[in-house]
1. When the residues of region 521-546 are filtered to those that are under 19 Å from L453 (Cβ atoms) and more than 16 Å from the ligand (Cβ to nearest atom), which remaining residue is most open to solvent (accessible area, probe 1.4 Å)?
2. List the residue pairs whose Cβ atoms are under 7 Å apart, where the first residue sits in region 98-112 and is of a type in the set (D, E), the second is open to solvent by less than 50 Å² (accessible area, probe 1.4 Å), and the two are 6 or more positions apart or on different chains.
3. Only one of these is within 14 Å of the ligand (Cβ to nearest atom), under 17 Å from V605 (Cβ atoms) and surrounded by 24 or more Cβ atoms within 10 Å (Cβ to Cβ): T567, T555. Name it.
4. Which members of region 699-722 meet the condition of being of a type in the set (D, E, K, R) and over 16 Å from E750 (Cβ atoms)?
5. Condition first: assigned to a loop (DSSP other than H, G, I, E, B) and crowded, with 23+ Cβ neighbours inside 10 Å. Now tell me which residues in region 161-186 satisfy that.
6. Output the helices (runs of 4 or more DSSP H) that fall wholly within region 332-414 and possess 2 or more residues being among the aromatic types (F, W, Y) and open to solvent by 40 Å² or more (accessible area, probe 1.4 Å), or say none.
7. When the residues of region 239-268 are narrowed to those that are acidic (D, E) and touching a Gly at 6+ places or on another chain (Cβ under 6 Å), which ends up least open to solvent (accessible area, probe 1.4 Å)?
8. With respect to R518, determine if the residue is more than 16 Å from the ligand (Cβ to nearest atom), within 25 Å of the chain's Cα centre (by Cα) and open to solvent by 10 Å² or more (accessible area, probe 1.4 Å).
Amino acid sequence: MELVADRVWPVVSLIEWREADRQFHLANGRLSYVLAIHDNGALGPLHVGGPLATGRSYRHLIPRPFAGFSNRLGDAVALDCPTPGSGDYRVPGLVVEQPDGSTVLELAYRGHRIVAGKPPIAGLPATYAETDDEAGTLEVDLADARSGLVVTLSYTIFRDIAAIARSAGIRNDGSEPLRLTTAMSLVLDLPGADWDLVHLGGSWARENHVRTRRLELGRQSISSSRGSSSHVHNPFVALRRTSTTEEHGEAIGVALVYSGNFLAEVEVESFGSARLRIGIDPETFAWDLPPGAGFATPEAVVVHTTDGLGAMSDAFHRLFRERLARGVWRDRPRPILVNNWEGTYFDFDEERLVAIATVARDLGIELFVLDDGWFGKRDDDTTSLGDWFVDRRKLPGGIDGLARRITELGLAFGIWIEPEMVSERSELFAAHPDWAIGIPGRPRTEGRQQLVLDMSRPEVVDYLERVLADVLGSGPISYVKWDMNRWITEPWSATLPADRQGEFFHRSILGVYELYRRLTTRFPDILFESCAGGGGRFDAGMLAFAPQAWTSDDTDAVERLKIQWGTSLAYPLSSMGAHVSAVPNHQVGRITPLATRAAVAFFGVFGYELDTTALTDAERAEIRDQVAFYREHRDVLQYGRFVRLRGPFEGDGNTTAWMAVAEDRSRAVVGFYRVLNRPAPAPDRIRLRDLDRERDYRVTVWPVADDTIGRANARVRRGDDLETVGLLIDVDRHEAAGQGDFWSRLFVLEAV
Ligand code: GLA
């Protein structure tokens, strides 16, 4: 699939500067990003796409200037840092208000540096290089002489991944105050608009459904102004050719490493070019830059491939899994957990929890997670957020007492927190009502009967660090689920002057990152899982602190096919929390077989979300087998390459198939799912991908091996046979009659 599989590119050749051509070329054999300094000093792209040879000039790719820009005919039309007001009427990448109120800038090249590795971005999550030879970074300074503004555009190319990370540093080197009102992380000017825009959208419990629309004249955008990336839109978009499939064709993916308000937008202008921009949502942003001050944008990651959406996802998965996630849990097998939320909601005490954990232990489950309701007086969701003190009515032995009993059983212990929130009925709110976001003299909008703390205030972050460090240090806690269940309304901070309220949202998310940084640094052995009413903040920013996230509150197997499929466009299996819950499902009331619930949840970080004491003996036996299966194939199911075979958004969506393949292709697990049963089904075949075509694989079928599917497939087959012909889904019609809806099969392939 990759163009250059094993060739090691020395870092010097990752970034080429051709002085005579005033041209930069970032190249790793998988993609090329060629930039030119134009005659007027502007920086713009000559090519963003498939690999081109280094050692050559590409200045012939400079696009013809727009007709009509007659005062400065000859100016570049493809730009990496476009600003408004000088004849380029497309959406800008940077808008800076100057003391006279104008926003026109003439950004011109002033110098550049090429450095090995990748410098961090202060205060913000970002991808990284572990050694200086795995990435190279180009920093280009552009300056506006009149205002004293200096913009440093930073591009990192990774040696082994078809990805480039871009961010911008903006500094006021002048003597007058400036004000940023738009500061995009990335602008990509593309010569044509013959693309479909792919994005991930939905709502609570319906996250990350794949949406595709044709690019058209004008702007098309997705965004969030809710204070976090949100369930509605994910900070990820892709451009694909209409003919691009999972396996073939061109695609450009762009993801923002940021968890706050964002905008991702593509504008097609009248001559057919397309400008993609992504960054902090300008609608809810402004930032003061007094003389000497600087601002860092979040980072955006661009992936380009000519090998289909599968290869695009694969590049994101590798980068996010290996060079965005960090800490001891980055590469470790993630534990199989049981979470008590849907099992008990708020109605539990120590004995009930220990009983659930005891059964879980007998089933082979490895981690018990105590969800919401252990603190303050929280018997429902109307009180106590912010009071992170154990409720001794429920847990007389404290967190420590419970954690010790759980760990003595042989399970690890984890806990739920929702740091950024406060209930109006809480001791914290009584003591610090002004810490809750709101505007004096106006009512606060209610949401889940809770308010959001003003994380832009350092004293709030300090307080939360102190009380939460007490909780996390109070017993053997090895996992934290960090939830966030409400959007921000009435945005305003008591500590910011009137003319700087535009900084509020970004400062809030910086406060969240700071708290994450402090707690993950103080508790480096704890596995953090992020959550926001399910997938309301499932983004690359969070993955830099918490290597896994709760994908959705919807645990229904059928709904999860869509949610996990969509999420996988950008995010790796190791980041996707996926649990089996009880039926009827609590979100949709659907009754699906236990086997299917597991077969879907296996593709991710697996667990259970139910009351284990309520399971029948037969269910316990089945779960014991599921846990054993997952343990056996966990390495592939968490860290293997995820390959989407047939999707719930394709055709009638009735069948879905996907697989996870070991890096060395020696093993794979394939999931096949059929939503509704149909009488006398036609035979079907699922062509596999990414196997070793010349190797033999033993195929075993799970959980039932002695039906027609099992008998037809359980044999040794060569990789080419499995890829060219495929697995045989040929159900005998008598058996089909008994299978019912929501049916699934897993196939394990082992090279022999
Ligand atoms: C959110 C989470 C759930 C659960 C509840 C607890 O909805 O997504 O998993 O933790 O909060 O209140």
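The values are calculated or read from the model by the stated rules, or taken from the named source; none is laboratory data. Not measured: the values here are computed from a predicted model. Don't worry about glycine lacking a Cβ; one is built from the backbone with ideal geometry, like all the others, and counts go over all protein chains shown. With ligands, DNA and RNA removed, areas are computed over all heavy atoms of the protein, side chains included. Shrake-Rupley method; radii C 1.70, N 1.55, O 1.52, S 1.80 Å.
1. F545
2. What qualifies is E106/D144.
3. Sole residue among the options that is within 14 Å of the ligand (Cβ to nearest atom), under 17 Å from V605 (Cβ atoms) and surrounded by 24 or more Cβ atoms within 10 Å (Cβ to Cβ): T555.
4. If the condition is that a residue be of a type in the set (D, E, K, R) and over 16 Å from E750 (Cβ atoms), then D706, D707, R711, D720 are the ones that fit.
5. Of everything in region 161-186, those that are assigned to a loop (DSSP other than H, G, I, E, B) and crowded, with 23+ Cβ neighbours inside 10 Å turn out to be I161, A162.
6. Values: elements: 341-344, 350-363, 398-409.
By residue number, no helices (runs of 4 or more DSSP H) qualify.
7. Taking the candidates together, the pick is E246.
8. So R518 fits the description; yes.
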